[in-house]
Structure formats: C-alpha cells, structure tokens
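Just so you know, all these numbers are worked out from the coordinates, no wet-lab data involved. Note that the coordinates shown come from a computational prediction; the quantities given were computed from them, not determined experimentally. For neighbour counting, all protein chains shown are included, and Cβ atoms are generated from backbone atoms with ideal geometry for every residue, glycine included.
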Amino acid sequence: MSTPISKTALEQLFLDARTHSHWQAREVPDSVLVHLFDLMKHCPTSANCSPARLVFVKTPEAKARLKPCLAEGNVEKTLAAPVTVIVALDNRFYEHLPFLFPHADARSWFEGNQPLIDATAFRNSSLQGAYLILAARSLGLDCGPMSGFDPARLNAEFFPDGRFSANFLVNLGYGDASKLYPRNPRFEFDTVCSVL
C-alpha cells in the first residue's frame, strides 16, 4: 500500500499549480523532457496500449512550422513557451500490443474494429497527456494545455503519413506567475459527484 504524498507535493501538483500563458526566458533541457517521459510512461492505459506519441517542439524552425496551425489567440504564448508538446496518438497503436501486453492476444481485440481503435487511442492518449502535465509539474515545470489549433493542418505538417494524429497541445516551461489571473471557480463535491 502506498502512503499519501506530502502536503507540499499536493500543492505543487494540484492546489497551487496553474495554467500558464506567460513564460520566463528559461530553457527546458532535453534531459528534463526525457525524465518527464520516463515518469509518465509508467501510468496506466487500457491493456498498457500507450498510444500517445509526443513531439517536443523547441527550435525556432519547428515553432515556425507550428505557428500557422495555431488559433490566433494561442500564437503569442506558444511562440514564447520554451517547449510546446504535440500530444498525438498512434492510429495503429495495437500493432505494439504483443510487446506491451504479452500475456494476451490483445492485438486481435482491435484489428478490424475501427470504432474501438479510435475510442481507445483518443481516450488513452488523453490520459497520457494528463499524466504528462502531472509529471511536468512534479519536475518543477509549468504547463499551458490547449486545444486551439487546426488539427488537419497540424497533422499535414507534422504527421503527413497519417499514422499519428494530434490530440492536444501543452506549452511547457517556467511560468511568469506575476501575469496569472485569479484562479477560476471549481465545483464542490456535492455538485458533481455521487456516492452510490
């Protein structure tokens, strides 16, 4: 049985963490991105399918490719972020199941069943994107997840062979807390939860 993490850790991951749109001019080393992935990859997905594919957009050249795909309101903050992660999904993730889930013939569950492939890839890559955010926060990074982009244009630019498809984007770096708005309201337990 695991023991609860410290109050400080809870604050860093959840209570004090905010969505950032303004960034300090501090680089995020590639070694931190590797560490981030090495944390998030251990989190659960259906049959360990792990469909997320990540593109860490860092260089000015890569940002220039990303810029035309962004909604106007997301351009400035994305170009200023040290890293933008394209959280994509592998449309043929099930081909890796003999390696990832070797104790069952899980590949056969998906082959020829496009609705199940689509739902599983989207749901689980979304989960992995959430794990990425928590892993980033645990390493002292701030995050700005967003969905304001043209998926068709982004996919054509970054995934022209069609194997991968973009799910959402996450800006990463060290946020400028002085430019945060007050935290928006959240629901109370009794408003949105039931215990049956």
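Among the residues of segment 100-139, those that are farther than 17 Å from Cys43 by Cα and either out of contact with any helix residue (DSSP H, G or I) (no Cβ under 8 Å at 6 or more places or on another chain) or of a type in the set (Asp, Glu) (or both) comprise Pro102, His103, Asp105, Ser108, Glu111, Gly112, Asn113, Gln114, Pro115, Asp118, Ala119.
Output yes when any residue across segment 135-151 is part of a helix (DSSP H, G or I), surrounded by fewer than 17 Cβ atoms within 10 Å (Cβ to Cβ) and among the aliphatic types (A, V, I, L, M), and no when none is. The answer is no, given that none of the residues of segment 135-151 is part of a helix (DSSP H, G or I), surrounded by fewer than 17 Cβ atoms within 10 Å (Cβ to Cβ) and among the aliphatic types (A, V, I, L, M). The helices (runs of 4 or more DSSP H) located wholly in segment 52-106 that include 1 or more residues which are over 17 Å from Met146 (Cβ atoms) and touching a Cys at 6+ places or on another chain (Cβ under 9 Å) occupy 97-100. Gly162 falls short on exactly one of the conditions (1) surrounded by fewer than 13 Cβ atoms within 10 Å (Cβ to Cβ); (2) without any contact (Cβ under 8 Å) to a residue 12 or more places away in the chain; (3) within 22 Å of the chain's Cα centre (by Cα), and that condition is (2). Among the conditions (1) within 17 Å of the chain's Cα centre (by Cα); (2) surrounded by 14 or more Cβ atoms within 10 Å (Cβ to Cβ), Ala47 misses just one, which is (1). Surrounded by fewer than 18 Cβ atoms within 10 Å (Cβ to Cβ), in a loop (DSSP other than H, G, I, E, B) and of a type outside the set (Val, Ile, Thr), is that true of Gly112? So Gly112 fits the description; yes. Of all residues in segment 184-196, none satisfies being more than 16 Å from the chain's Cα centre (by Cα) and touching a residue at least 40 places away in the same chain (Cβ under 8 Å). Taken over segment 107-157, the criterion of being in contact with a strand residue (DSSP E or B) (Cβ under 7 Å, 6 or more places away or on another chain) and aromatic (Phe, Trp, Tyr) is satisfied by Phe122, Phe149.
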